[in-house]
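**Q** Handing you this structure, nothing more for now.
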Amino acid sequence: MNSDLKLKTYKCTIHPSEAIKRVDKNPSAEKIFYCIDCIMDAQGDLRSKLVLIDDLVQNLYAHQASSTGGRKIGTKVPDNLAAILNTEEEAVSKFEEYILKQRNLVSEKFNVIEQEILGSLQAIKSKILDSLEDQLNLFRSNYSTYKKELDKYYGEDIQSTKGENELTKETFFEELNSFNSTRDLENMFKTLLREANLDEMKDISTEGIVAKLTTFKEALEQNTKLQPKSIILIEDELKSSLALVQKALQGFGEGISLIQNSVYPITGAPLDSAILKPTDLEFLADKIQNGKPLSLKHKISIKSDGSNLDKIMQAALDSEQKTLSVIKGRKGT
Ligand SMILES: [Zn+2]
C-alpha cells in the first residue's frame, strides 16, 4: 500500500469551514460524516463510536482488496435468480420517470411554500416600515398638538385670529375625506381623540391650565430624547426570533420522514423476524412514519443500539398487558 496516499480534505455540509474528521460506521444513519462541530453536537454514546476517517479509509481499502473474487458455485446463474434482471431496463426507466415527476412536484410545492414565506416576510417588513413612519408622524403631531394647546390659552383674542383657517363642518369633513389610506385616517382619529381627551381634564383654573401645559411640555421633552429602533436591528432580538423560525424548519426536516415508502439498500441478510413478513413491516412502517398508530393504546419509542435492548424493553413495557413491538432495523425496515 502506498503510504503517501491520503484522502483529501472534505468540508462538512453543515459547517462549511470545518473538515470531516470522523465517521459513523452505521451505513443506515442519515448522517455519517462528522466535523469537529458536529462531533461536539453528537449525542451520548454516538460520539465515542465515531471513527477517524483516515483510519476508516485504510480499513475499507483492506476490505475491498480482500473481498474481490468470491467462491464460484456454478458457471451459469440459474434462471429463477436471473429472471428479474430482464425487468431491469424497464423498471429503472419507469422508476426514473416517476422520480423525475416527484422531483418536479417537490420543486413546484417548494416554490409555493417559498412564495408564502416570502409573502409573510414582506408583510412583516411593511409593518415595520409603516411603524417607523408612524413614529415620525406621531413626533410631528405631538408638537402640533402642543402648539394648539398653547394657542388655546395664550396670545391675541381668539376672534381676531379667526380667518382662513376657521374650522367649519365642511373643512372638517374635507380634511377627513382627504386621506388616501385608512391608516392615515386612523392616525388622524388618534390625534383628534387625544385632543378630545385633553379637553376632558376639566381643571380650568390658571394653575390647572399651567400644570397641564407643563406636564405636556415635559412629555414632549422626553419624546425628543427617544430614538425608536426597529427590533429587527437589535441583534439579540433578531437572533431569538430567527431561532424560532429555524427551529420550526428544522423540525420539518427532523420530525418527520421526508420520503415515504423509501427504497432501502438491499443485502442478502434474511429478515430477522419469525412473525412478520416484509409486507407486514411495510404496513407498520407506513403507519408509524405517518403517526397513525392503528388502535394502539400506548406508543412507546425506544432508541437503542441493541445492547441491553431486552432490559430496556422490559422496563418500558413492564406495566403493559399486551404489547406489539416493532423494531426499526438498519435497513430502515
Ligand atoms: Zn459539521
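The values are calculated or read from the model by the stated rules, or taken from the named source; none is laboratory data. Bear in mind that the values here come from a model prediction, so they are computed numbers and not experimental data. Using ideal geometry, Cβ is built from the backbone for each residue, glycine included, and neighbour counts are taken over all protein chains shown.
**Q** Not β-branched (Val, Ile, Thr), not assigned by TED's automatic domain parsing to the domain that holds LYS21 and not in a helix (DSSP H, G or I): which single residue out of LYS94, LYS76 fits that description?
**A** Values: LYS94 fails: not in a helix (DSSP H, G or I).
Criteria check complete, one pass: LYS76.
**Q** Every residue in segment 1-30 that is within 12 Å of the ligand (Cβ to nearest atom) and surrounded by 13 or more Cβ atoms within 10 Å (Cβ to Cβ), please. If you could, list the steps in order and put the result at the bottom.
**A** First pass over segment 1-30, keeping only residues within 12 Å of the ligand (Cβ to nearest atom): 10-22.
Answer for segment 1-30, where residues must be within 12 Å of the ligand (Cβ to nearest atom) and surrounded by 13 or more Cβ atoms within 10 Å (Cβ to Cβ): LYS11, CYS12, ILE14, HIS15, GLU18, ALA19, ILE20, LYS21, ARG22.
**Q** In segment 33-43, how many residues are within 12 Å of the ligand (Cβ to nearest atom) and either aromatic (Phe, Trp, Tyr) or part of a loop (DSSP other than H, G, I, E, B) (or both)?
**A** Applying the first criterion (within 12 Å of the ligand (Cβ to nearest atom)) to segment 33-43 yields 33-42.
Applying the additional criterion that residues be either aromatic (Phe, Trp, Tyr) or part of a loop (DSSP other than H, G, I, E, B) (or both) yields 33-34, 42.
Within segment 33-43, residues that are within 12 Å of the ligand (Cβ to nearest atom) and either aromatic (Phe, Trp, Tyr) or part of a loop (DSSP other than H, G, I, E, B) (or both) number 3.
**Q** To continue, here is another question. I'm trying to understand the selection: among the residues of segment 5-42, which are in contact (Cβ under 8 Å) with a residue 24 or more places away in the chain and within 26 Å of the chain's Cα centre (by Cα)? Before the answer, list the steps.
**A** Of all residues in segment 5-42, those in contact (Cβ under 8 Å) with a residue 24 or more places away in the chain come to 6-7, 11-12, 14, 20-28, 35, 37-38.
Residues satisfying the conditions are LYS11, CYS12, ILE14, ILE20, SER28, CYS35, ASP37, CYS38.
**Q** Let me ask something additional. Name the residues in segment 39-87 that are among the hydroxyl-bearing types (Ser, Thr, Tyr), exposed (fewer than 10 other Cβ atoms within 10 Å of the Cβ) and closer than 30 Å to LYS8 by Cα, would you?
**A** Kept after step one, since they are among the hydroxyl-bearing types (Ser, Thr, Tyr), are these residues of segment 39-87: 48, 61, 66-68, 75, 87.
Add one more test, that the residue is exposed (fewer than 10 other Cβ atoms within 10 Å of the Cβ), and what stays is 48, 66-68, 75.
Hits for segment 39-87 are SER48, SER66, SER67, THR68.
**Q** Considering every residue within segment 44-62, establish whether at least one is assigned to a loop (DSSP other than H, G, I, E, B) and within 16 Å of the ligand (Cβ to nearest atom).
**A** Yes: segment 44-62 contains one or more residues that are assigned to a loop (DSSP other than H, G, I, E, B) and within 16 Å of the ligand (Cβ to nearest atom).
**Q** I'm checking my understanding of the structure. Among residues of segment 182-238 that are within 18 Å of PHE139 (Cα to Cα), of a type in the set (Lys, Arg) and surrounded by 10 or more Cβ atoms within 10 Å (Cβ to Cβ), which one is modelled with the lowest pLDDT?
**A** Only one residue fits best here, namely ARG194.
**Q** Out of all the residues in segment 63-73, which are assigned to a helix (DSSP H, G or I) and of a type outside the set (S, T, N, Q)? Show your work before the answer.
**A** Looking only at segment 63-73, we keep the residues that are assigned to a helix (DSSP H, G or I), and these are 63-67.
Hits for segment 63-73 are HIS63, ALA65.
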